[in-house]
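Below you'll find the structure, written out as structure tokens, and then a few comments.
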């Protein structure tokens, strides 16, 4: 407890007390920023969740005698547009955060709004893709191509990812409104940007493992 | 004073970098989907390599992993890759067993 209490002034707005020597707070790799470290821990745990999902998918595919041909179900062009939308939104978010750091508020506002818009477009496209796939007769426990696990895993993994995108859109909108009211720090927006890029990162893996391999 | 606890030491990234990374990501995506659709030789290895390249660009440039200190980079990258790799390696023995049983 003593340690923690002594650490506090360094985080607050009071500045570094003079009686504390610099050696006492020699920078460790993990002491840079507490909130950011927490965000990294969350991202690692979430990455392990999706990693397990994709491992299970690969396992089921490995032991199944046959696996559906994805190009009979999905359109390459549609898939490309979905990927471009999500990758671009991640880029826009990075540009927005960079603008915020440099104090360019107009640039930040524009790219932030475009980021949220791209997220909504991606969700709409995914909903349309699901509707198309369900229309072909796929359910959680059956699919017309004979391997029931494919559609079950597809719905579960892309559903989890879609839920992450939905959460991201809600978080970004909420924080955006708070930012307009001047109630959030730049750091919060940067952390939200990290989450948004992570959602994009997960899509890179889902695209390769589920759609393309 | 407000910035003392925050991380203002990160260098400024120019928009050119982001445009370059975006263009690279688009090229990689296009090539990836083309390879999968046309079914060229070494398709799976190529897709996995392109996937890792994309993941590198997103995590290091958009999530600012390249500005973090080395131990944190190691924890994130190696931690996730090793754990998932270990999971796949362990699970594959089960898979081989199931395939042998079903024959």
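For A:195, B:61, what ranking results if the residue with the fewest other Cβ atoms within 10 Å of its Cβ goes first?
A:195, B:61
With the Cα gyration tensor of chain B giving a ≥ b ≥ c as the square roots of its eigenvalues, does the rule (a/c under 1.5 for rounded; else a/b larger than b/c for prolate; else oblate) give rounded, prolate or oblate?
Verdict is oblate for chain B.
Taking the number of other C-beta atoms within 10 Å as the exposure measure, put B:88, A:118 in order starting with the fewest.
B:88, A:118
I want to make sure I understand the PRE zone here: with the label point 7 angstrom from the Cα of residue A:44 toward its beta carbon, which residues in segment B:54-69 have backbone N atoms less than 16 Å away?
B:65-66, B:68-69
For the pair residue B:70/residue A:62, report the inter-label distance in nm, with labels modelled 7 Å from Cα in the Cβ direction.
3.4 nm
Quick one: angle between helix B:43-57 and the longest Cα principal axis of chain B, in degrees between 0 and 90, rounded to 10, please.
Taking Cα atoms only, the helix is inclined about 20 degrees.
Once you sort the root eigenvalues of the Cα gyration tensor of the protein assembly as shown as a ≥ b ≥ c, which label holds: rounded (a/c under 1.5), prolate (a/b larger than b/c) or oblate (the other case)?
prolate
Over chain B, what relative contact order in percent results from Cα pairs under 8 Å that are six or more residues apart?
19 percent
Segment B:9-67: D in µm²/s via Stokes-Einstein (Kirkwood Rh, Cα pairs, 10 °C, 1.306 mPa s)?
It comes out at roughly 127 µm²/s.
Quick one: if the Förster radius is 22 Å, what FRET efficiency do residue A:102 and residue A:181 give, using the C-beta to C-beta distance and rounding to 0.05?
0.50
Let me have the relative contact order for segment B:9-67, percent, based on Cα pairs under 8 Å that are six or more residues apart.
36 percent
Counting other C-beta atoms within 10 Å, which of B:10, A:60 has the fewest, and how do the rest follow?
Fewest to most other Cβ atoms nearby, the residues stand as B:10, A:60.
What's the center-to-center distance, using Cα atoms, between segment B:36-103 and segment A:152-191 in Å?
25 Å
Laboratory data are not the source of any read-out in this text; all were calculated from the coordinates shown. Every value quoted in this text rests on a predicted model; they were computed, and no experiment measured them. Note: ideal-geometry Cβ built from the backbone for every residue, glycine included; neighbour counts use all protein chains shown.
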